[in-house]
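Student: First the structure, then my questions, so here it is.
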Amino acid sequence: MSYLTRKAIAMALAGTAVSVCALSAQAASTTYYNTFGAGTAVGSNVDGWTHTNGSGNTGALQSWYGSTDADPRPFDFTGTSAIKNYKGVAALNWAVHLGAAGDSAQISVADATTRYGSQAGFIAPDLDTAQGSWVDSATSPGGWGMYSDYGFFLSDVTTTVRLTATTENSLLPSNFGISVYSGKNNQLSGGWSHHQGWNTGYIKGDTSAANLAKVNTNTPLGISGLTFVGFADGSGLGPNGGSYIEFTAQAGQVYSIIMGGSAGTAWNTLGGNPSAAYKLDVSTPAVPVPGAVWLFGSAMAGLTAINRRRKMIA
């Protein structure tokens, strides 16, 4: 093999190695879970409190799966740890951090078990919005904040994000609503109660201005510091409804997510049924195959053609 041939192969392999490293580096998503209420029957308690004494919002900050003082990817909260030092009085159940374009993640019991199940004393997080909060298909709709779950989202890159909520049990219908806001609650004191009406009277799939006004607000449940981005109510109607929501996440911007609903149609349908627990898929556009991969293929094809020509001349 000639020097030029060896050099061409080396360059192509180097380019491919760089591309493979770039692709593997994109698998950098992290999920975090609040442990408050974990270990109890789904739907049987109010969860998501950030302090150990629950609704009083006092006492030690609640421990989380995924948050340690050595965590290198903070959500820009006070302190050295990502979620551990979030001190807002509003409830918070989970958080998602995407590190690169093309990342994806899932909030679910399965994800928590895969990531943190080997920890001593692991208890699966309580992920439920049973009993119809956010969207309620009863004749007289009325949800409650105590039945909603709350999350934070952060991406290190500006990208389109899609959020899709479904039941863990695929045999049950997915009747969920999702609201997205830019910003996060920074209120450190004062009252905030789960026991409030949430989107009371909202009619699923109704795109009238009067109906949409019930959900297009910057202060959901009195939570301050938020700016409404959009929502999906599971109706399949757009642009404000739909079975999922897409939005453009700006790099470094924290987004607050509130979701609710149930596997049934009314607020008290399947309440407390573990099979009605949800999973939330977080996805971004697929990353194109880097040019160096195609370069490697072209280089090898070219070398093959050169070798064939030499043989023919010989």
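Bear in mind that the values in this text are calculations on the coordinates, not laboratory data. Note that this is a predicted model, so its numbers are computed, not measured. Because the Cβ atoms are built from the backbone with ideal geometry, glycine has one as well, and the counts that use them run over all protein chains shown.
Student: When ranked by the protection proxy of mean other Cβ atoms within 10 Å per residue, highest first, what sequence do the peptides 59-66, 153-160 form?
Tutor: Taking the mean over residues of other Cβ atoms within 10 Å, the ranking is 153-160, 59-66.
Student: Okay, moving on. Between the stretch 86-112 and the stretch 181-245, what's the alpha-carbon centroid distance in Å?
Tutor: Cα centres, the stretch 86-112 to the stretch 181-245: 19 Å.
Student: OK, next. Cβ under 15 Å from GLU168's Cβ, GLU168 left aside: what net charge do those residues give with Lys, Arg +1 and Asp, Glu -1?
Tutor: Within the 15 Å Cβ shell, the charges total -4.
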